[in-house]
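In what follows, a structure is listed as structure tokens, so that the remarks can point back to it.
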């Protein structure tokens, strides 16, 4: 029998036999992306602590080290471990935690490296839960000693997993900032009371297989595959933020569709507080995109889009008055307001002025899209404490200055009286503060869908700014969130705090 076994076989056949023989079982777990001397020392010491050594790896889809990781696939990593003499069994963990392995192996010893001995240093926050689960199953945690190496550092450098411009940037960045700084501001963000105001959007994605052009027309002929709906717009921003702080409230006006109301409650009730005003005439905005998937890799191309936004986009007067009243009564309770102006009718002059006057800390995002092109420009605002926008939106605001993007960004920073960020797609992002511009390269060129990348950047960079972080650090954290968001289809998933921190740790490890 080979060393690579599935969980059920170990639980039902192997473990009972080992326990009957009176043998003790040790478990080691990790990504094991690139096995190095530190791993060998760790595993050999682990083997000396018990009769049988089981090693499990995290399946690729659950690795949180950022796009492009793990460097080696599941099969390769399993086979490398199988070749090591000190290991008795190897198995695959199919989850973000090691829970599935612990529950099937029930180890006598769960063995970690000494760098994990201080649970408070763990950026994932999972070590304590792992220890408690192991103890629940009758085992205990033990630690090996020895020189600590890093697979991540070796992959980032020896295997050139990071582009040259990212390596150069990170070497300069780590001279100023550390993981301690990143965690410090994340902890400050946890205590902030956050209000998100903006248009709620349902992103409906219909996946198709394009068969070609119509034989008697110029449109595409496609075969329908399936459809999914994701909560987008201001809801997506609020969901990102709710991963960093439990004190998030969303205020908006939505339609009175029963199915959509139930969807909101089902997907957000445990993440944020909802202060929604219901309109009887203005529907909840639905943006319906038709797209195809690349057959060889997970990339998507949108071929058509339809929305249900009324023209003109006007809410009934009594609904607006109810929304104004609720906003005026509640806004003073919050430490920071994220204003998501998608230009679909919710943010009128009265809402704009109220938030500019009352928000203790205002993070502004004013978006351009096909329905408001040239009509929803960020310079209609006169005050913010932080802002984000993209290159197209900056060009609309300062067309005469776009020969020099830095000049236009400086003009906007002066106009709003604050620092902020310009997202630049595959070229990364600029941050500006007190006239100084910080350039940050893109942390990934692997992209599934860019729809949610800007909102993810805005959420995390803005929250770090509200927590008092320097603009350069906010640029770094926002760029991480944008890279993760670009590898999520639509707003199907949230950019989670643990994934942002893990990716930060990966990038700092050069």
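Nothing in this text is a laboratory measurement; each read-out follows from the coordinates by a stated rule. Nothing here was measured: the structure is a model prediction, and the numbers come from that model. Backbone-built Cβ (ideal geometry, glycine too); neighbour counts: all protein chains shown.
In this simple spin-label approximation, residue 404 and residue 370 carry label points 7 Å from Cα along the Cα→Cβ vector, and these lie 3.7 nm apart.
Each label was represented as a point 7 Å from its Cα along the Cα-to-Cβ direction; for residue 325 and residue 191 these points are 3.6 nm apart. With helices as the sole contributors, the chain gives -10500 deg cm²/dmol at 222 nm; each DSSP H run of n ≥ 4 counts as -39500 (n - 2.57), and the sum is divided by every residue.
By its C-alpha gyration tensor, with a ≥ b ≥ c as the square roots of the eigenvalues, how is region 383-483 shaped: rounded for a/c under 1.5, else prolate for a/b larger than b/c, else oblate? Since a/c reaches 1.5 but b/c is at least a/b, the shape of region 383-483 is classed as oblate. Taken along the Cα-to-beta-carbon direction at a fixed 7 Å, the label points for residue 21 and residue 380 span 7.4 nm.
The candidate values are [x] 0.99; [y] 1.34; [z] 1.01; the one derived from this structure for Rg/Rh (Cα atoms, Kirkwood Rh) carries the label [z]. Does a label point 7 Å from the Cα of residue 4, set along Cα-to-beta-carbon, have any residues of region 83-113 with amide nitrogen under 13 Å, and which are they? Answer for this model: 83-84, 90-93. In plain terms, the chain from residue 256 to residue 12 could stretch by 82.6 nm, reckoned as 0.36 nm per residue minus the Cα-Cα distance. In the chain, Cα pairs under 8 Å separated by at least six residues give a relative contact order of 14 percent.
Give the order of 459, 222 when sorted by the count of other beta carbons within 10 angstrom, beginning with the fewest.
Going from sparsest to densest Cβ surroundings: 222, 459.
Listed from fewest to most Cβ neighbours within 10 Å, the set 347, 331 follows the order 331, 347. Round to the nearest 10 and give me the degree value, 0 to 90, for the angle of helix 127-136's Cα axis relative to the longest principal axis of the chain. Between helix and principal axis, roughly 50 degrees. Computed from the C-beta positions of residue 165 and residue 358 and an R0 of 30 Å, the FRET efficiency is 0.10 to the nearest 0.05. With respect to the chain, whose longest principal axis is taken over its alpha-carbon atoms, helix 37-48 is tilted by about 50°. Relative contact order, whole percent, for region 452-496 stands at 51, derived from Cα pairs under 8 Å and 6 or more residues apart. The ranking of 281, 252 from fewest to most other beta carbons within 10 Å of each one's beta carbon is 281, 252.
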